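Down below is the structure, laid out as structure tokens.
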Amino acid sequence: MSTLQFPSQIASLISDRTYQTDDIGMSDASVLLFQDMVLKIQRDDEETENEYRMMTWLRGKLSVPDALAFEKDGQKSWLLMSRCPGEAACSETYMQNPKKQVELLAQGLKNLWRIDIADCPSDCRLKYKLAQARYNVEHNLVDIENTEPDTFGENGFQTPARLLQWLYDNQPEEEPVLSHGDFCLPNLFFAESFTECAAETQISYIDLGKTGIADKWCDIALCYRSLSHNYSGAYHGRPYTGLDEHLLFRELGLAPDWDKIRYYILLDELF
């Protein structure tokens, strides 16, 4: 392996297997990719606990990784999980086929919304999210360099504190569903299979640290933003064409609520 040190249970399960480092996504976690497993190493906090909790709760309800081992020491956590089949929604396969890509993303949202949330162990509605955002602002944890161009500065909010106050003052009415919480293209995997009768696609979800009960428009907003960024070339080194920005809403059967979309994109700027 390498000089990385692992807790005893994790070490026994990964043994001397080789791995690659996953650099996709915006998380500050270290992600090690084995042939059939993934090891996520990150700061031990509430989001880490929630990922393990929701992964366990969602087993049998949605296609999510199986938690193989979870250890922590008060500072770091190690979550070893099975590897999801297929390709990420931001892979070349789907970036070259935006219609198929958006159809599957919309289906991924609908799958979440069908889950009964009566006994969901995680409540991530605005009361909780705004309290988290306040903590980030008060502890200077907001990276204003890693935000949308117009969020701060001359055409935006003067400071994260001003944005936070606006978010408190303009809270929308929530439509609670099971929300992924970070519904971005790298966090959805599509695995296509073919039978004599039809083609089917398994939709899998990863990075569940922010998953719980929340407004359905939170995921719609982050999905819309993720599509825009991926097609603009921000993450791929070149732009892609062919994306119909209205297709997501047609597939969902919803008229776009631009006020809510803006609200949840702005809220995410404080995380």
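Suppose we keep only residues that are more than 14 Å from Asp73 (Cα to Cα) and of a type in the set (A, V, I, L, M, F, W, C) within the stretch 27-50. Which one would you say is surrounded by the most Cβ atoms within 10 Å (Cβ to Cβ)?
Our first condition is that a residue be more than 14 Å from Asp73 (Cα to Cα); within the stretch 27-50, this holds for 27-40, 47, 50.
Then keep just the ones that are of a type in the set (A, V, I, L, M, F, W, C); that gives 29, 31-34, 37-39.
Numbers: Ala29: 18, Val31: 20, Leu32: 22, Leu33: 14, Phe34: 16, Met37: 19, Val38: 19, Leu39: 24.
For the stretch 27-50, the residue satisfying everything is Leu39.
Pairs needed: first member in the stretch 117-134, within 11 Å of Gly212 (Cα to Cα) and open to solvent by less than 50 Å² (accessible area, probe 1.4 Å); second member anywhere, in a loop (DSSP other than H, G, I, E, B) and of a type in the set (Val, Ile, Thr); C-beta distance under 8 Å; at least 6 residues apart or different chains.
Ser122/Thr211; Cys124/Thr211
Do you know which residues across the stretch 128-148 are among the aliphatic types (A, V, I, L, M) and not in a helix (DSSP H, G or I)?
Residues satisfying the conditions are Leu141, Val142, Ile144.
I need the full set of residues from the stretch 100-115 which are in a loop (DSSP other than H, G, I, E, B) and open to solvent by less than 60 Å² (accessible area, probe 1.4 Å), in order please.
Result: Ile115, single match.
When you go through (1) more than 16 Å from the chain's Cα centre (by Cα); (2) basic (Lys, Arg); (3) surrounded by 17 or more Cβ atoms within 10 Å (Cβ to Cβ) one by one for Lys61, which number turns out not to apply?
(3)
The values are calculated or read from the model by the stated rules, or taken from the named source; none is laboratory data. Everything quoted here is computed from the prediction, not taken from an experiment. Neighbour counts are summed over all protein chains in view; Cβ atoms, including those assigned to glycine, are modelled from backbone coordinates with ideal geometry. Note: accessible area is taken over every heavy atom of the protein model, side chains too, but ligands, DNA and RNA are not part of it. Shrake-Rupley method; radii C 1.70, N 1.55, O 1.52, S 1.80 Å.
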